[in-house]
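Contents: one structure, followed by commentary.
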Protein chains: 2
Amino acid sequence: MATLICPEHPSPVADAEALRKACQGWGTDEKAIISILGRRNAIQRKLIRQAYEDMYQEDLVKRLESELSGDFEKAVYRWTLDPHDRDAVLLNVAINQLPIPDYRVIIEISCIRSHEELLAIKCAYQIRYKHSVEEDLAQHTTGDIRQLLVGLVSVYRYDGKEINARLASFEAEILHRVISEKVYNHEENIRIITTRSKAQVLATLNQFKDDYDTKITKYLKDDSSHEYLSALLTAIRCICDHHKYYEKVVRCALNKPGTDENSLTRVIITSAEKDLKEIKELFQKRNSMPLEHAVGKETSGDYKAFLLTLLGKED
Amino acid sequence: MATLICPEHPSPVADAEALRKACQGWGTDEKAIISILGRRNAIQRKLIRQAYEDMYQEDLVKRLESELSGDFEKAVYRWTLDPHDRDAVLLNVAINQLPIPDYRVIIEISCIRSHEELLAIKCAYQIRYKHSVEEDLAQHTTGDIRQLLVGLVSVYRYDGKEINARLASFEAEILHRVISEKVYNHEENIRIITTRSKAQVLATLNQFKDDYDTKITKYLKDDSSHEYLSALLTAIRCICDHHKYYEKVVRCALNKPGTDENSLTRVIITSAEKDLKEIKELFQKRNSMPLEHAVGKETSGDYKAFLLTLLGKED
């Protein structure tokens, strides 16, 4: 469930006017920006962007980008975009990251979004960059990591809930064999993780645990300094339980010396109007502390105020 | 352009009644079936199927399957299906073919159909078989051929017409290097053919021809007994000029001792309401003989009458 709190029928015209006012004159009224945009869902934000464009012949997103700065600007910019467009931007930034692409973001988007969402994201990517995600991703990777990531991004997985228990058992055995031999990048490994339906992957991994008394992730963790292996592990986590995965991303981001604002922003922005409540609950359970407290402790200023608003803090 | 000739507003109810009559009593009236279904486009056939189901609580496609036989039955069955559903059936049959999948069909469908068509086909496949095309295909293949085919089927290519000439030149060089070293299955080879937009692949192959004075297909032909290489060649042909490719498939099908009815049917059925006219023109040019004559010579009976009707023969 969402943590975002928003009024039922705000006026896009009044919101656009208020945002214009917040951006004009000396200094910017960040509080006004937070109290409007931090309390509007995707459809409401879209209507505001349209009204703003119609009234002032100016792109609201670009205006905000030029008025704000730092982590706060990045968060507001990404939040204000249409969700599919935002994911397209996240993918593009991740693919072009130096020295190597940020695999986590690519895997999150391809494994956690539904097929329909992923398709809309790939479409938004093509409109924005005049390339396909697949070709950019393939160009910036090589070898087994390319195979894994391009497979995850491109395959149209079956979405049904039914599973084939015999197949699960058979493929659990394949996984166990290749992983025991430490051939983690075996093509069968990649095939099973990238092409089977999520329900079937889950059934296979459960069977693995039943048959070999250990979670597959335990086997893979030993070598997780290895880039491909770490990507495989991330894919498995995203497919199996993405709330748990996101909780860990947030926890590590907050615990990192200096805080990893990029990851923190990403999880909050992309989950606030979907399932941030579940992630918050898991965080509380795992860290014996509400997520809001941890975020409040590790961030500051407008950035902190904006994240707390998205986390559902009342005025 | 299509070769199919059909009336503008036929009555689906009258057509369903006539088909029912053709299937009832002693013997089947194949002529009636040909004169109705062989002159109806996809939407008209869909309306007939619906009217037939409503009126007789029976599936027309199944009824025709049980009334007819041989190549004629196969052709009528495939023709009567919705085009996306038909391609899904063709894919499934091709993937499950023994001893090895029929790569040509898989490549044709993934390289010749538009992205929107391919998506609808993959969707129809999932509804019919409760699996994704990708997982079935990956399960029935291995190694480089798996990488090539799953790539072709799954990647959402950019559809824009703009090309990057510098990139074309750079990637033509990569292709030339790996092909000169006879590393045909090099991952860069697969990357370029499966992920670049069709316009970009074409630009790269043209650059290849300009820079090295030989078409890439000439290099690959030397070893085309090799299964992977022959698949790569087919993909290149389908992307570069699918009319020419289809002309060749039809020519080989007709010239084969005993005739390859499967391929002949496939090309005619899938092109009759799209671009069979272009294929006919190429056939005439290449063989100094109208396609109808060649088909008339090599086939017989109701099957022949049906194909000729789809080829645009007037009554």
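The values are calculated or read from the model by the stated rules, or taken from the named source; none is laboratory data. Please read all numbers here as calculations on a predicted model, not as lab measurements. Cβ placement follows ideal geometry from the backbone for every residue including glycine, while neighbour counts extend to all protein chains displayed.
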Which is surrounded by 16 or more Cβ atoms within 10 Å (Cβ to Cβ) and out of contact with any helix residue (DSSP H, G or I) (no Cβ under 6 Å at 6 or more places or on another chain), of B:Gln50, B:Gln44, B:Gln24?
-> B:Gln44
Scan region A:132-145 residue by residue and report those that are more than 20 Å from the chain's Cα centre (by Cα), more than 7 Å from chain B (Cβ to nearest Cβ) and either within 12 Å of B:Tyr158 (Cβ to Cβ) or crowded, with 21+ Cβ neighbours inside 10 Å (or both).
-> A:Thr141
Please work out which residue is farthest from the other protein chains (Cβ to nearest Cβ), limiting yourself to region A:146-158 and to residues that are of a type outside the set (S, T, N, Q) and more than 11 Å from A:Thr195 (Cα to Cα).
-> A:Leu149
Might you check whether a residue that is closer than 30 Å to A:Lys248 by Cβ and in contact with a Phe, Trp or Tyr (Cβ under 8 Å, 6 or more places away or on another chain) occurs anywhere in region A:92-106?
-> yes
With the condition kept exactly as written, say whether any residue in region B:40-53 is modelled with pLDDT of 95 or more, of a type in the set (Phe, Trp, Tyr) and closer than 18 Å to B:Ser263 by Cα.
-> no
Residues in region A:183-206 that are without any contact (Cβ under 8 Å) to a residue 40 or more places away in the chain and either farther than 22 Å from A:Val155 by Cβ or more than 14 Å from chain B (Cβ to nearest Cβ) (or both): how many?
-> 4
In region A:207-257, what residues are free of Cβ contacts under 8 Å to residues at least 40 places away in the same chain and hydrophobic (A, V, I, L, M, F, W, C)?
-> A:Phe208, A:Leu233, A:Cys240, A:Cys252, A:Ala253
Can you tell which of B:Glu117, B:Glu173 is more than 28 Å from B:Lys248 (Cα to Cα), modelled with pLDDT of 95 or more and not hydroxyl-bearing (Ser, Thr, Tyr)?
-> B:Glu173
Contact list, first residue from region A:92-105 and within 19 Å of A:His226 (Cα to Cα), second anywhere and of a type in the set (D, E, K, R) and in a loop (DSSP other than H, G, I, E, B), beta-carbon distance below 9 Å, six or more apart or interchain, is A:Ala94/A:Asp102; A:Ile95/A:Asp102
Region A:289-315, residues that are on the phi > 0 side of the Ramachandran plot and either among the acidic types (Asp, Glu) or modelled with pLDDT of 95 or more (or both) = A:Gly301
Say we look at region B:89-128 and pick out the residues that are more than 12 Å from chain A (Cβ to nearest Cβ) and among the hydroxyl-bearing types (Ser, Thr, Tyr); which of these is surrounded by the fewest Cβ atoms within 10 Å (Cβ to Cβ)?
-> B:Ser114
Does region B:74-83 include one or more residues that are within 14 Å of chain A (Cβ to nearest Cβ), within 21 Å of the chain's Cα centre (by Cα) and of a type outside the set (Lys, Arg)?
-> no
Counting only residues that are without any contact (Cβ under 8 Å) to a residue 40 or more places away in the chain and assigned to a helix (DSSP H, G or I), region A:121-138 contains a total of 9
